[in-house]
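All of the numbers you see were taken from the coordinates with simple rules; none came from a lab. Everything numeric in this text was worked out from a predicted model, so none of it was measured. Positions of Cβ are backbone-derived with ideal geometry, glycine not excepted, and every protein chain shown enters the neighbour counts.
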Amino acid sequence: MKWKHTSNAFWRRQVRGDCNAGAGTVRADSTVTIKAQNGDFSGKAKTEEPTCGEGRNVAVFKQKGAQQDPSTDKKIASDTAGLQGEDYTWNTGNTGASVKFYARIKRTPECKGDRSETVRTSKN
């Protein structure tokens, strides 16, 4: 693996084409957080591996039941995490949605996936 400096002023690992994410590959830890305020959802994609933060798609789901289930819950918004200071942040803008929601980042060949805690919001 090589490291290169990108125009976004952070260090990104450049993965070679011969890199294989097969059995035995260790994925970097990833954590996603969510905040809700009057239908506006935002949070952070936390990781120590830059390729697991910058450009990660974060999806926000409306939770239907008592448990989170991305296969049946409705995806209501998404955003791409971007470097802001020392954090990889995301923000959907105002969706106008209310009730219970959570954020999800999918697993990638190099990064673990995660789901945030469930948050509740209501329209004002």
Prolate/oblate/rounded label for segment 32-124 (Cα gyration tensor, a/c 1.5): oblate
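For segment 32-98, which trypsin sites (Lys or Arg not before Pro) pass both filters: DSSP loop (anything but H, G, I, E, B) and at most 14 other C-beta atoms within 10 Å? It would help to have the intermediate numbers written out before the result.
Working: sites: Lys35, Lys44, Lys46, Arg56, Lys62, Lys64, Lys74, Lys75; in loops: Arg56, Lys64.
Hits after loop and neighbour filter: Lys64.
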DSSP bridge pairs, segment 28-121: antiparallel proportion in percent, nearest 5: 95
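Structure shown: which of Lys64/Lys106; Lys46/Lys106; Lys46/Lys100; Lys44/Lys74; Lys62/Lys112 lie over 18 Å apart, alpha-carbon to alpha-carbon?
Values: Lys64/Lys106 20 Å; Lys46/Lys106 13 Å; Lys46/Lys100 22 Å; Lys44/Lys74 21 Å; Lys62/Lys112 22 Å.
As for pairs spanning more than 18 Å Cα to Cα, those are Lys64/Lys106; Lys46/Lys100; Lys44/Lys74; Lys62/Lys112.
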Exposure proxy order (Cβ contacts within 10 Å, fewest to most) of Ser42, Ser71, Ser116: Ser71, Ser42, Ser116
Under-5 Å amide H pairs with Ala77, H placed in peptide plane, nonlocal only: Val60
Projected label distance in nm at Lys35 and Gln67, using a 7 Å step from Cα toward the beta-carbon: 3.1
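Which loop GluC sites (Glu not before Pro) in segment 63-124, with loop taken from DSSP, have no more than 12 other Cβ atoms within 10 angstrom of their Cβ? Show your work: numbers first, answer last.
Details: sites: Glu86, Glu110, Glu117; in loops: Glu86, Glu110, Glu117.
Sparse-neighbourhood loop GluC sites (Glu not before Pro): Glu86, Glu117.
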